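To start, the structure under review is shown below, and the notes come after it.
Derivation of every value follows stated rules applied to the coordinates shown; laboratory data play no part. Fair warning: this is a prediction, and the values are worked out from it, not measured in the lab. Heads up, the Cβs are rebuilt from the backbone with ideal geometry, glycines too, and the neighbour counts pull from every protein chain shown.
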Amino acid sequence: MDQPIQPTREQLLHTEAAKYGIAPAVIDRVVSVIAAVQRRDRAEFRKNYGGEMTPDQWLAAYGVSGFRELCAHAARQAGLGDDDVYVILRIVSAVAPAPEQHDDDRPIQFWARPLTDPEEATFPAYRVSYKAPGADSTLGFDWSGALLRRTLREAVRRGQGAAGLEEATGVVVFTDGDLPGAYVARPAPGHTQPACARCHQWEREHTLHERFGSCERFVASAAQLSAVGTP
């Protein structure tokens with residue numbers, strides 16, 4: 001007896017999009033934008049870290065708010081409005097591959113251990129959000145890896161913080177002071193900015209030096225200056 005023909009992922013995508021009145025060409029454009037960003041991020045990860053970034057790791061790096069922003073960007077590129085962002089999220093999530101599983105059937109993001117040295121936060125950029133009990137998480141903000149490592153050192157020095165590292169994803173979760181919640185720092189491939197030659201934080205982060213101890217003046221590296229060129 002012939003086996004039933006399984007629909008392709010593209011067919012599933014078009015069927016799901018049709019439920020919301022979105023044409024195949026439009027959803028294809030949305031997905032192509034998301035796929036292009038993923039290819040760029042994975043290529044950069046491969047270049048910088050010599051390994052492959054799995055889809056699970058890529059999603060973990062963006063987090064919920066970051067992926068929502070990416071969907072919003074893709075929707076705009078496809079001619080859709082901001083009101084369609086959650087529709088796009090539902091469509092893409094409905095046809096996305098199932099998360100990778102380990103021997104105990106826990107998703108990869110669950111594997112974590114105490115972070116004992118801030119230098120273990122090795123990524124050049126992170127998307128950081130704050131999550132408090134009973135409250136929605138804040139929108140994510142991009143931090144340089146240097147700012148995250150400096151914050152972790154300060155929290156440990158004051159004896160008021162603890163941190164954990166998910167080795168498979170690079171996600172860092174940490175507390176600071178008397179705040180009731182926790183910060184979640186997800187690696188943000190492609191979100192880097194020119195770094196200070198002295199403290200390695202980004203230029204806009206120098207306004208935070210009184211709290212975190214970075215240098216007071218941004219100094220561009222010779223490589224950054226040569227890249228600018230002369231008129």
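Per-residue extension of 0.36 nm, minus the Cα-Cα distance of Glu216 and Ala35, leaves a gain of 61.2 nm for this segment. Modelled this way, with points 7 Å down the Cα-to-C-beta line, the labels at Arg198 and Thr8 are 5.8 nm from one another. Here Arg76 and Glu167 are evaluated by their C-beta separation; at R0 = 45 Å the FRET efficiency comes out at 0.80.
Thr122 to Arg90: extension gain in nm, 0.36 nm per residue of separation minus the Cα-Cα distance?
Gain in length upon complete extension: 8.2 nm.
Which FRET efficiency, nearest 0.05, do Arg46 and Thr207 yield, Cβ-Cβ r, R0 35 Å?
Numbers: r = 34 Å, r/R0 = 0.97.
With a Förster radius of 35 Å, E is 0.55.
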